[in-house]
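Reading through the structure tokens given below for one structure.
The values are calculated or read from the model by the stated rules, or taken from the named source; none is laboratory data. Everything numeric here is computed off the predicted structure, so don't read it as measured data. So basically every Cβ, Gly included, is an ideal-geometry build from the backbone, and we count neighbours across all protein chains shown. The area values use the complete protein model at the heavy-atom level, side chains included, leaving out ligands, DNA and RNA. Shrake-Rupley method; radii C 1.70, N 1.55, O 1.52, S 1.80 Å.
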Amino acid sequence: MDKCSFCGRPRKDAYLLVSGISGFICSDCIEQAYEIVKENSKAAQPKDNKDLNLQKPKEIKEFMDQYIIGQDEAKKALAVAVYNHYKRLSQKKGADDVEIEKSNIIMVGETGTGKTLMAKTIAKLLNVPFTIVDATVLTEAGYVGEDIESILSRLLQAADYDVEAAERGIVFIDEIDKIARKGDNPSITRDVSGEGVQQGLLKLLEGSVVNVPPQGGRKHPEQRLISIDTKNILFICGGAFDGIDKKIAQRMNTQTVGYSAAEKTEQVDRNNLLKYITPRDLKSFGLIPEIIGRLPVLTHLEPLDRKALRSILTDPKNALTKQYIKLFKMDDIKLKFDKAALEFIVDKAIEYKLGARGLRSICEAIMTDAMFDLPSADTKEFTVTVDYAKQKIDNANLQVAQC
């Protein structure tokens with residue numbers, strides 16, 4: 001009778017029995033053997049972080065330049081923060097007892113200027129676990145929404161549940177402005193998705209041992225918690241902070257009185273007030289001082305001008321026009337864009353004030369009919385002209401008006 005050479009299980013009791021040269025192995029023993037090999041391979045990996053892909057700040061910025069147009073100051077700040085994070089992980093305790101602390105970073109910029117794209121681009125380069133989380137869904141424990149610990153649950157999943165790898169990972173918290181304190185006036189209701197979330201984030205940003213549910217907290221209450229030390233996790237936060245420019249303008253106009261005030265007002269770039277942002281402005285917007293102190297690196301993203309928007313359409317590796325050209329090439333159709341059509345798309349993006357994200361919406365409105373009709377036609381070449389683009393945008397506007 002055929003039976004497993006490891007556990008002795010007969011063929012009739014085994015889900016699958018694999019034969020070898022002089023014996024058999026059942027499917028259960030195969031799974032157990034796989035787990036043993038997996039555990040031993042983890043134990044054999046180096047623990048001194050020598051496997052990290054250490055890139056210099058200039059190299060990190062050059063890589064980001066291939067995908068993101070402009071934003072040099074934000075790229076520099078992000079590159080330095082990531083580089084120093086790598087060095088923190090590689091440091092060895094010496095006789096001087098100097099311990100390098102992490103520099104969490106916060107990026108402020110209008111919608112569509114590239115905050116999330118920067119995070120995704122950095123993720124392509126990194127050799128550490130990386131995850132992007134949205135702060136808008138976070139609430140205090142006990143309320144509808146996700147707990148603060150769900151941030152680390154996602155990082156743990158990105159690290160394939162390797163705790164040591166997760167403890168040297170990077171987390172990008174998007175929409176950090178959405179958890180701003182709703183107001184200074186006392187209220188009868190708790191601010192469970194605002195200041196309450198900020199208070200919960202403090203322990204993560206500073207560094208502490210947190211018990212994390214590996215599969216998310218509330219849907220699986222029976223699961224065993226995993227302890228994660230956040231001391232070596234780098235946190236990068238981003239947000240649009242819509243309306244903070246008014247607070248910056250108010251602060252700058254009330255600094256001095258008299259002729260010197262008028263002179264300083266003339267020197268202020270009113271089209272880009274975010275360049276003058278300070279931690280004080282974040283506090284007046286609604287972030288608590290404790291969380292601002294744990295995000296010591298503050299940088300801003302420039303609003304995209306016409307030149308930048310035009311470059312975004314054609315220059316980066318994953319430029320919008322290149323994506324459409326590749327899509328049509330899969331159907332053996334050669335796609336071209338007239339320069340006048342590209343200028344028209346940029347004009348509309350400036351009109352809608354949606355930044356780079358608006359470019360995608362406009363291109364989709366222009367290209368939808370072509371992407372629907374041409375794959376079924378015999379057309380082998382198609383050119384997007386300015387007249388075609390105007391016609392499609394006008395039709396899209398008519399549909400919106402009818403709704």
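Some notes on this structure:
- Scanning the range 73-85 finds no residues that are more than 30 Å from Lys307 (Cβ to Cβ), aliphatic (A, V, I, L, M) and either within 23 Å of the chain's Cα centre (by Cα) or part of a loop (DSSP other than H, G, I, E, B) (or both).
- Residues in the range 267-292 that are within 20 Å of Leu202 (Cα to Cα) and surrounded by 14 or more Cβ atoms within 10 Å (Cβ to Cβ): Pro279, Asp281, Leu282, Lys283, Ser284, Phe285, Gly286, Leu287, Ile288, Ile291, Ile292.
- Residues in the range 356-399 that are among the basic types (Lys, Arg) and within 32 Å of the chain's Cα centre (by Cα) were compared, and the one that is most open to solvent (accessible area, probe 1.4 Å) is Arg357.
- Pairing each residue of the range 57-79 that is closer than 20 Å to Ile173 by Cβ with any residue that is open to solvent by 60 Å² or more (accessible area, probe 1.4 Å) and assigned to a helix (DSSP H, G or I), provided the two are 6+ apart or on different chains, yields C-beta distances under 7 Å for Ile68/Leu117.
- Among the numbered conditions (1) surrounded by 13 or more Cβ atoms within 10 Å (Cβ to Cβ); (2) farther than 30 Å from Gln71 by Cβ, the only one that Lys348 does not meet is (2).
- Pairs where the first residue, in the range 347-358, is closer than 11 Å to Ile312 by Cβ and the second is part of a helix (DSSP H, G or I) and open to solvent by 70 Å² or more (accessible area, probe 1.4 Å), C-beta under 8 Å, 6+ apart: Gly358/Tyr352
- Candidate set from the range 352-396 (those that are out of contact with any helix residue (DSSP H, G or I) (no Cβ under 7 Å at 6 or more places or on another chain) and part of a strand (DSSP E or B)); member that is farthest from Thr113 (Cα to Cα): Glu381
- Criterion: more than 21 Å from Ile170 (Cα to Cα) and modelled with pLDDT under 85 - qualifying residue of Lys50, Lys38, Lys42: Lys38
- Selection within the range 166-176 - open to solvent by 10 Å² or more (accessible area, probe 1.4 Å) and more than 13 Å from Ile226 (Cα to Cα): Arg168, Asp174, Glu175
- Check on Ile100, open to solvent by less than 80 Å² (accessible area, probe 1.4 Å) and under 22 Å from Ile291 (Cβ atoms): yes
- From the options Leu309, Leu313, residue that is within 18 Å of Glu110 (Cβ to Cβ) and of a type in the set (A, V, I, L, M): Leu309
- Each residue in the range 293-331 was checked for being open to solvent by 60 Å² or more (accessible area, probe 1.4 Å), assigned to a helix (DSSP H, G or I) and in contact (Cβ under 8 Å) with a residue 40 or more places away in the chain, and 2 of them qualify.
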